[in-house]
Structures are given as C-alpha cells and as structure tokens.
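Peer 1: Dumping the structure here so I can ask a few things about it.
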Amino acid sequence: MKKYIVEFIGTFFLVFTIGMTVIAPGAGDMAPLAIGSCLAVMIFAGGHISGGHFNPAVTIGVWLRGKCPTSDVVPYFGAQFAAGLVASYAVKALKTGLVAKAAALSGAMTPEILPALLAEFLFTFALVWVVLNTATAKGTSGNSFYGFAIGFTVLTGAYAVGGVSGGAFNPAVALGLCLMGIVSWGSLWIYLVACSAAGITAAVAFKALDNGD
C-alpha cells in the first residue's frame, strides 16, 4: 500500500504542476522547467519506495523489463490515473472554482493525429528508455542522478514537441490534460496508444541491448 500511495502523491504533483503552470495565469515559457523539476524531485522523494514511475507507460516498461511485479501493475495504474483525476480538480478549484467548465480554462488543443502520435511515441520512448537505463540497470545501480535524468527528459520533450502534441508522454497526464480542458477528449486515444506503444518498445529495446540484468 505504501508504494501505491507514493505513486499517487508523485503523479498528483506532476499533473498539478502541469495544470498550474500551463493554464493562465501560469508560468509561460518556463512551464516545462517547473514540470521537469517537479518530476525529478518527486522521483528523488519516492523512488526508493515505489520506483517513482508516476506514469502508466513507465510502469509498462519497468514491468516488461522484469523490475515491477505483475501484482503491482493494475494498482499502480489505479493510483496514477486517480492522481491525475484529483489533481485536475485541484487545479480547477484554484484556477476558476470547481463549478467552472474545464473548457473555459483555455481553448482545448486538438493536435494533428500523425504528428502527435509520432511526438508522443518518440519522447515517451525516450522517457522510459532513460528510466530503464538510469533506475533499473546494473551499470547505473546506486547512482544519484537518475531523478534529474528522468525529469530533464520530460523537460526536453516539453520544449521540443509540446507545441505539436501537448507534451504529455504519460497516459495519466493525458487524462489530466483532458479533464482540465487543455486537450480535447477526442484526442485522448492518441496518448493512450502512443505512450503505451512507446513503453513496450523501450522495454524491448532495453532488453535487447543491455548486457546485464
């Protein structure tokens, strides 16, 4: 249960930070820096307890890599999506009040399908790839930099392709973006498909290329 609570807390603050910095009045061009930093510090805080996934795509990748018990996969998903839901309503409460419609917060983004699929796949792959190589590999075991490596991957992705896809790289974040009216509900499937596929591909690539366990 401790692991699931940690996954909830970390995912909550990630989605909460996204909403508070992206929705006006927010942090403008500095939003990706706040988001990447939030992910890094939450991983440093909870990584030793739950692994610091805070992302269903990461959970898929770590599970396929053999470092997450099958019994934890669904509870991790539940904690992560629940955190995205709660964080979204917390943002709405602080930004406009609970009774305001999400669409009123900002115009919902409807990304172009093929560019968004590619953008979300590439940087979710990068994210899971970095997680597997910095947080689960023998060669980097016991390192002190994995939180920043993971957080800065999200930071890089947000700046690189945020304008193309919204820069979720995370199905739980995508749910939050839809609930907050940042991304249209009709585009949710893009993130679910691209992020899940990227998590699987990253795990396969890691297992094929890693020399140790």
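Peer 1: Given springs between every Cα pair under 10 Å in a Gaussian network model of the chain, which of 16, 145, 125 has the largest fluctuation?
Peer 2: 145
Peer 1: A follow-up question, please. Using the alpha-carbon centroid of each, what span in Å lies between region 18-35 and region 39-75?
Peer 2: Cα centroid to Cα centroid, the span is 25 Å.
Peer 1: Using only the alpha carbon atoms of region 74-198, find the Kirkwood hydrodynamic radius as the inverse mean reciprocal pair distance, in angstroms to one decimal.
Peer 2: Radius from the Kirkwood sum: 15.3 Å.
Peer 1: Separate question: Let's test the formula: R0 of 35 Å, r as the Cβ-Cβ distance of residue 112 and residue 85. What FRET efficiency results, to the nearest 0.05?
Peer 2: The calculated FRET efficiency here is 0.85.
Peer 1: Taking amide hydrogens as modeled 1.01 Å from N in the peptide plane, which residues meet the under 5 Å criterion relative to residue 109, leaving out close sequence neighbours?
Peer 2: 183, 184
Peer 1: Right, next: Cross-chain or 8 or more residues apart, Cα under 23 Å: how many lysine pairs in the chain fit that? Count them up, please.
Peer 2: Numbers: 2/67; 3/67; 3/138; 67/138; 67/207; 92/101; 138/207.
Counting lysine pairs in the chain gives 7.
Peer 1: Additional query: Can you tell me the accessible area per residue over region 105-208, all protein chains present, probe 1.4 angstrom, in square angstrom? Mind showing how you got there, number by number?
Peer 2: Working: 4180 Å² over 104 residues.
About 40 Å² of surface per residue is accessible.
Peer 1: In nm, what is the difference between 0.36 nm times the number of residues separating residue 73 and residue 207 and their Cα-Cα distance?
Peer 2: On the way: separation 134, 0.36 × 134 = 48.24 nm, distance 1.91 nm.
Value of the extension gain: 46.3 nm.
Peer 1: Sticking with this structure for a sec: Express the relative contact order of the chain as a whole percentage, based on alpha carbon pairs under 8 Å and six or more residues apart in sequence. List each step's numbers first, then the result.
Peer 2: Working: 349 pairs, mean separation 65.7, N = 213.
After rounding, I find 31 percent.
Peer 1: Give me the one-decimal Kirkwood hydrodynamic radius in Å for the chain, with the sum taken over alpha-carbon pairs.
Peer 2: About 16.8 Å, per the Kirkwood formula over Cα pairs.
Peer 1: Name the helices (complete DSSP H segments) of the chain with a Cα length along the long axis of 18 Å or more and a Kyte-Doolittle mean of at least 0.0, or state none.
Peer 2: Values: long enough: 2-22 (30 Å, 1.31); 31-50 (28 Å, 1.61); 70-95 (38 Å, 0.72); 113-135 (32 Å, 1.94); 146-165 (27 Å, 1.26); 188-209 (32 Å, 1.76).
TM-like helix candidates: 2-22, 31-50, 70-95, 113-135, 146-165, 188-209.
Peer 1: What distance in nm separates the two pseudo spin-label positions at residue 164 and residue 27, each 7 Å out from Cα along the beta-carbon direction?
Peer 2: Each label point is offset 7 Å from its Cα along the Cβ direction, giving 2.3 nm.
Peer 1: Could you tally the net charge around residue 3, taking each other residue with its Cβ under 15 Å from the Cβ of residue 3, Lys/Arg +1 and Asp/Glu -1?
Peer 2: Here the charged neighbours net out to 0.
Peer 1: Here's another thing I want to ask about it. Rounded to the nearest 20 Debye, what is the dipole magnitude of the chain about its Cα centre when Lys and Arg each give +1 and Asp and Glu each give -1 at the C-beta?
Peer 2: On the way: 9 positive and 7 negative charges, 68 e Å.
It comes to approximately 320 debye.
Peer 1: May I pose another question? Can you work out the PRE-style zone for residue 144? Point 7 Å along Cα to Cβ, and I want the residues of region 37-71 with backbone N under 18 Å.
Peer 2: Answer for region 37-71: 40-48.
The values are calculated or read from the model by the stated rules, or taken from the named source; none is laboratory data. This is a predicted model, so every value here is computed, not measured. FYI the Cβ positions are ideal-geometry reconstructions off the backbone, even for glycines, and counts take in every protein chain you see. Ligands, DNA and RNA are stripped out before the accessible areas are found, and what is left, the full protein with its side chains, is counted by its heavy atoms. Shrake-Rupley method; radii C 1.70, N 1.55, O 1.52, S 1.80 Å.
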